[in-house]
Amino acid sequence: ADWYAQGQGLKYTRFRTMTALSKGQTPGPEASIGKCVSASRSQDYAAFAMELMEMGGVVTDPDHSPQQGFFPESWILSPAMRIAGGTDEILRNIIAERVLGL
């Protein structure tokens, strides 16, 4: 239920970003919110998928792995998503300044 709710929240946050862009406006803090949530979600999804596949989930060799090693590679690379384009801490500061006025 948590993942569904977060997925719906991300979907509508993306809609707000696309609406702002289509009106020629600069996206507001919703872009930062979307990045913070989606980067951590992708790491959680990959970890959960590897757990479901048990030992097959940690095999990265495409010839011997379910899903051609997609989930282990996603899990390994997902921290890089949290750094690229601004770390979570920087994005949270942007959200605090623009949304909360701190």
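Things worth noting here:
- When residues in segment 12-47 are screened for being surrounded by 14 or more Cβ atoms within 10 Å (Cβ to Cβ) and part of a helix (DSSP H, G or I), 23 of them pass.
- Scan of segment 88-102 for residues that are over 27 Å from S78 (Cα atoms) and of a type in the set (A, V, I, L, M, F, W, C), ordered by number: L100, L102
- Number of the condition not met by F71 [criteria: (1) surrounded by 15 or more Cβ atoms within 10 Å (Cβ to Cβ); (2) at pLDDT 80 or above; (3) over 12 Å from the mean Cα position of the chain (by Cα)]: (2)
The values are calculated or read from the model by the stated rules, or taken from the named source; none is laboratory data. This one's a predicted model, so the numbers in the text were calculated from it and none came from an experiment. All Cβ positions, glycine included, derive from the backbone under ideal geometry; neighbour counts span all protein chains shown.
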